[in-house]
Amino acid sequence: MIQKKPRMHVLSKWVKTKALLGSDEVRQYIPDTRRLSKSSLKTMLKSYGMVYVKPEKGTYGKGVIRVEQRGKDEYSYQLGTKEKDFWDYETFYLSLLRETNKRSYLIQKGIHLVKYKKLRFDIRVMVQLSPKGVWETTGLIGRVAHPEKIVTNYHSGGKIMDVKRLFGEHLSTNEMEKVMHKLDNLGVATARHLHKKYPGIRQIGLDIGFDHSWIPWIIEVNTNPDPYIFNKLSDKSMYRKVMRYRRAALK
Ligand SMILES: Nc1ncnc2c1ncn2[C@@H]1O[C@H](COP(=O)(O)OP(=O)(O)OP(=O)(O)O)[C@@H](O)[C@H]1O
Ligand SMILES: [Mg+2]
């Protein structure tokens, strides 16, 4: 079978972030993001205490680093399962810079993610152009981080889980419905906005992390989202819809 290529793929997280900041509806859910430099990291750590440093063009959670400032001169970072502590900014920054391998990196305000059984999770929201040409949220799926990792990606040992099961630990049925409705709307608003700028896109996947006030932060938007993660749920109805829309879009 010939696999047709998606119509449009925007790789740079920086370009995508800037595009999303152009939407009045979406902007409030985008965590503060800067390009990595010695001074921008210092400023971001001062403002937020914890940040994520990640490759501008990364995938699968590879190269994603969680950075924290604890005391006045106490810094630490975690990459994969490796954790390092430092007691001065210069040594800390040089060590971090070595991990980036001279690639272009961004800094994003860190979200203290709501957890499920003490494990961080985030939500993948699949939004697709319907066969009738209307943007629709077609899938919601939870991704729970491996206990020793700072990313939730399936390719980094994360587990796929039903969103209701994840939300159920914290929310009533009524609250859960509201949160899911909000994700649905946010997904569609994001897709409509990006589509104006990139008319070639047919589907997007939003990575949404909740903080403890249940604000849905847009960690990133993928323009080539993996549809097969939905096949990992025992209920196949979402997977079938996602694939149906995908087939129609690739025609
Ligand atoms: N600002 C943040 N706050 C909290 N967690 C974050 C933040 N940024 C990233 N993460 C965690 O790291 C994971 C990977 O980050 P991100 O999605 O930005 O890059 P990527 O996964 O490498 O890209 P792709 O999804 O295209 O493969 C997220 O799913 C999330 O679990
Ligand atoms: Mg991601």
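The values are calculated or read from the model by the stated rules, or taken from the named source; none is laboratory data. A quick note: this is a predicted structure, and the numbers were derived from the prediction, not measured. Cβ atoms come from the backbone with ideal geometry, glycine included; neighbour counts cover every protein chain shown. Side chains included, ligands, DNA and RNA excluded: accessible areas come from the protein's heavy atoms. Shrake-Rupley method; radii C 1.70, N 1.55, O 1.52, S 1.80 Å.
Within the stretch 83-97, none of the residues are closer than 28 Å to H155 by Cα, among the aliphatic types (A, V, I, L, M), touching a helix residue (DSSP H, G or I) at 6+ places or on another chain (Cβ under 7 Å) and outside the structural domain of G157 (by TED's automatic domain parsing). Exactly one residue out of K115, K54 is among the charged types (D, E, K, R) and more than 24 Å from L171 (Cβ to Cβ): that is K54.
Between L79, L36, L41, L45, the distinction of being within 21 Å of K13 (Cα to Cα), at pLDDT 95 or above and touching a Leu at 6+ places or on another chain (Cβ under 7 Å) belongs to L36 only.
Suppose the filter is within 16 Å of ligand 2 (Cβ to nearest atom), in contact with a strand residue (DSSP E or B) (Cβ under 6 Å, 6 or more places away or on another chain) and charged (D, E, K, R); does D184 pass it?
no
Any chance the stretch 82-90 includes a residue that's surrounded by 15 or more Cβ atoms within 10 Å (Cβ to Cβ) and not in a strand (DSSP E or B)? So far as the stretch 82-90 goes, yes, one or more of its residues are surrounded by 15 or more Cβ atoms within 10 Å (Cβ to Cβ) and not in a strand (DSSP E or B). Looking across the stretch 46-74, the residues that are assigned to a loop (DSSP other than H, G, I, E, B) and either within 8 Å of ligand 1 (Cβ to nearest atom) or in the same structural domain as K159 (by TED's automatic domain parsing) (or both) come down to G58, T59, Y60, G61, K62, G63, V64. The condition of being within 16 Å of ligand 2 (Cβ to nearest atom) and in contact with a helix residue (DSSP H, G or I) (Cβ under 9 Å, 6 or more places away or on another chain) holds for only one of L171, L206, that being L206. Answer with yes or no whether S104 is of a type in the set (G, A, S), open to solvent by 50 Å² or more (accessible area, probe 1.4 Å), at negative phi and not assigned by TED's automatic domain parsing to the domain that holds R240. Yes. Going by what's in this entry, would G61 be described as within 16 Å of ligand 2 (Cβ to nearest atom) and at positive phi? Criteria met by G61. If only residues of the stretch 20-37 that are under 12 Å from R192 (Cβ atoms) and among the aliphatic types (A, V, I, L, M) are counted, the one that is nearest to ligand 2 (Cβ to nearest atom) is L20. For the stretch 220-242, the set of residues classified as part of a helix (DSSP H, G or I) and open to solvent by 30 Å² or more (accessible area, probe 1.4 Å) consists of Y228, N231, K232, S237, M238, Y239, R240, K241, listed by residue number. Can you tell me which residue in the stretch 23-45 is farthest from G187 (Cα to Cα), limited to those that are in a loop (DSSP other than H, G, I, E, B) and open to solvent by less than 50 Å² (accessible area, probe 1.4 Å)? The qualifying residue farthest from G187 (Cα to Cα) is S37.
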